Amino acid sequence: MKIERIQGGSCDGIDTHETVYFRHIWRDLPGLFSHGNGLFEEQLKVADPFARDCTLAHPFTNDIDPSTNAKVHLCAREFLSNLQSNYFELVIFDPPFSRSQEEKYEGSKNVYATPGFIPKCMREIHRILRPAGYMLKFGYNSTRHHPSFECKKIWLVNIGGNRNDVVVSLWQKTNTTLEDWD
């Protein structure tokens, strides 16, 4: 597994997909997928359960906040549970670390503080990913949340000043069953 340290630049008040570091990571991804024809975004089936205004996964975008540009406005876990099994090649998992009082995920403003929320999401992500599909996970850790995911790459994003680094990890679905190949 490769770890790459990159400068994050300012990210105050903007969605992750608009940051310098996200664009850097997104440019890295085509080399990790084996379409062989040079097409990436046009053919890739992507889901984003915390999309806010990011449209990279359109039409499979969700955000609990109805004022965002996401196509669906459900709790992320519920959104994932409604998606087709073994369909997606990539899931962008970039949960909020805190939201406004109105945007609670199963009773909490922080999804990582909600008991059982992350493991339930990971089971759904595993279910909806195709065999050898990927999850691009943003957060403050590189925790392996499901036994069938293997970490392929980590980007350690230095935001600067007294801000925490952001850990972006790319996980591949490795353990599959015969049902996954249907």
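Here is how the numbers come out for the structure above:
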item	result
Cα-projected label distance for CYS151 with LEU74, points at 7 Å along beta-carbon direction, nm	3.1
In sequence order, calculated HN-Hα J values of the range 138-154 (Karplus, 6.51, -1.76, 1.60; Hz; x Gly/Pro)	10, x, 10, 8, 10, 5, 7, 8, 8, x, 8, 9, 10, 6, 9, 7, 10
Potential lengthening between TYR140 and ASP65 on full extension [0.36 nm per residue; Cα-Cα distance subtracted]	24.7 nm
Residues TRP155, TRP171 arranged by fewest to most Cβ contacts within 10 Å	TRP155, TRP171
Exposure proxy order (Cβ contacts within 10 Å, fewest to most) of HIS58, HIS146	HIS58, HIS146
ILE118, ILE6, ILE92 arranged by Cβ crowding within 10 Å, fewest neighbours leading	ILE6, ILE118, ILE92
At most 15 other Cβ within 10 Å, DSSP loop - trypsin sites (Lys or Arg not before Pro), the range 113-162	ARG144
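Every number here is computed from the coordinates shown, using simple stated rules; none is lab data. A quick note: this is a predicted structure, and the numbers were derived from the prediction, not measured. Here the Cβ is made from the backbone with ideal geometry for all residues, glycine too, and neighbour counts use every protein chain on show.
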